[in-house]
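So the structure is just underneath, and the comments pick up after that.
Coordinate-derived values only; no laboratory data. The structure presented is a predicted model; accordingly, all values stated were derived computationally and were not measured. As a convention, Cβ positions derive from the backbone with ideal geometry for all residues, glycine included, and neighbour counts pool all protein chains shown.
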Amino acid sequence: MKNLQELTRPNIWALEPYSSARDEYSGKEAHVFLDANENPYNGPYNRYPDPLQRELKAQIGRVKGVPAQCIFLGNGSDEAIDLVYRSFTRPGIDNVVAIEPTYGMYKVCADINDVEYRKVLLDENFQMNADEVLAACDENTKAIWICTPNNPTGNDICREQIEKVLVEFGGLVVIDEAYSDFSPSPSFRHELEKYPNMIVLNTMSKAWASAGLRLGMAFAHPDIIAIFNKVKYPYNINMLTQQKAKEIVSDFFQVDEWVKILLHERAKMIEAMKVLPICEKVYPTSANFFLAKMPNATAIYNYLVDLGIIVRNRSKIALCGDCLRITIGSKSENEELLKALRNIEQ
Ligand SMILES: *Cc1c(COP(=O)(O)O)cnc(C)c1O
């Protein structure tokens, strides 16, 4: 791995971050707080939240098996994705490499930051070839994006290929595990010590059923976390999100239960889809959604919209021609979708 200074934008490496009142004093013993120009009324919302979310990180660290100093929390994973660009890539100079098709935010954030985004097409089984990914890199490639299980394809990316990229690439490798709770593959977050150039993303939006809270996580070497902390807005996670997330994380048995139910529903849905005459193929999935190939996907999409049932039309995405991406919902939602699909005349 290149050293972190070489990988970091020079202005960010040199950055003297904003020091908030709560950074300068964060002890518990004081009882008169006249340091932050807060209003004494309307408690508890009058107080600024913990800028480093210490209690929440300690809790998440226990559940995820990651030391708190290796955790960054963001306003959704989207904040962590954007911070990779703002911290490490020089606009107009550096580039990143990503598998294709994949999650759209990596490219949007590259475009916003004026960073070249290089796509490496997956094969016909939606698998990544590490050699092709490495061949797309040059001396200005700062990061490689790998989403596993991948969105929108749903499959796990082969572990050996990911490991090859981690070992052979000198820059940062971001592994987005937004859907890993639904996958039998072990998470890469347990291998942080082995791969100092790895950033593993996770989110409360999927298995944790809390997309509305906006809480994303990045797990990485403490030196990378320190750079994110320097660049982020001082109070990026608001008090309500921190409070509610602590409640939800403390009830992690509930999450296991949700995942179990969704995996059961997923198996049932896939079996039912496979016998539908209009469904040509259901692709293997390790996520809470699956990709289904149906001739005239756009017509079926529109038919479903008319019935008030919304799926994701991925027909225009590379390798996903005539594919709909279908999220596993509640039992009744899934049944309603199946009923609508069964009613389509051949
Ligand atoms: C849904 C999803 C996320 C979650 O993003 P949040 O901003 O945390 O809601 C991240 N990555 C991928 C690939 C996703 O599909």
Give me the net charge of Val275's neighbourhood, meaning all other residues with Cβ under 13 Å from the Cβ of Val275; Lys, Arg count +1, Asp, Glu -1.
-> +2
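Return the tail of the calculated pair distribution for region 82-175, meaning the percent of Cα-Cα pairs more than 19 Å apart. Before the final figure, lay out the partial values.
On the way: 1460 of 4371 pairs.
Counting pairs separated by more than 19 Å, the tail of P(r) holds 33 percent.
Treating only the Cβ of Lys, Arg, Asp and Glu as charged (+1, +1, -1, -1), what charge dipole size does the chain show about its Cα centre? Round to the nearest 20 debye.
Values: 38 positive and 46 negative charges, 112 e Å.
Computed charge dipole of the chain: roughly 540 debye.
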Exposed GluC sites (Glu not before Pro) absent: longest stretch of the chain, with sites in DSSP loops and at most 12 other Cβ within 10 Å deemed exposed = 194-344
May I ask which of Lys64/Lys232; Lys246/Lys281; Lys57/Lys119; Lys246/Lys316 have a Cα-Cα span longer than 29 Å here?
-> Lys246/Lys281; Lys57/Lys119; Lys246/Lys316
Calculated log₁₀ intensity ratio I(q)/I(0) where the Debye formula runs over C-alpha points of region 210-346, q = 0.18 Å⁻¹ = -1.01
Cα-based reach from Lys28 at 16 Å (exclusive), listing aspartates and glutamates while leaving out same-chain residues under 8 positions away = Asp50, Glu55
Just checking the chain: which Cys have no other cysteine's beta-carbon under 4.7 Å?
-> Cys70, Cys109, Cys137, Cys147, Cys158, Cys279
Pick out which of Gly92, Gly74, Gly171 has the largest mean-square fluctuation in a Gaussian network model of the chain, springs linking Cα atoms closer than 10 Å.
-> Gly92
So for R0 = 51 Å, FRET eff. of Lys260-Leu34 from the Cβ-Cβ r, to 0.05, ends up at 0.50
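Hey, what's the per residue convex hull volume over the C-alpha atoms of the chain, in cubic angstrom?
Per-residue hull volume (Cα only) is 153 Å³.
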Excluding exposed DSSP-loop chymotrypsin sites (Phe, Trp or Tyr not before Pro) (at most 15 other C-beta within 10 Å), longest clean stretch of the chain = 46-234
Nearest 10 degrees, 0 to 90: helix 222-231 Cα axis against the chain principal axis | 80 degrees
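Filter the trypsin sites (Lys or Arg not before Pro) in region 7-75 to those in DSSP coil with at most 13 other Cβ atoms within 10 Å of their Cβ, and list the result. Please list the in-between numbers first.
Values: sites: Arg22, Lys28, Arg47, Arg54, Lys57, Arg62, Lys64; in loops: Lys28, Arg47.
Filter output for region 7-75: Lys28.
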Which residue, Pro196, Pro184, Pro152, has the most motion in a Gaussian network model of the chain that connects Cα atoms within less than 10 Å?
-> Pro184
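Any chance you could run the full-extension gain for Ile93 through Glu160? It's 0.36 nm times the residue separation minus the Cα-Cα distance, nm to one decimal. Provide the component values of the computation, followed by the final result.
Details: separation 67, 0.36 × 67 = 24.12 nm, distance 3.07 nm.
So the chain would gain 21.1 nm between Ile93 and Glu160.
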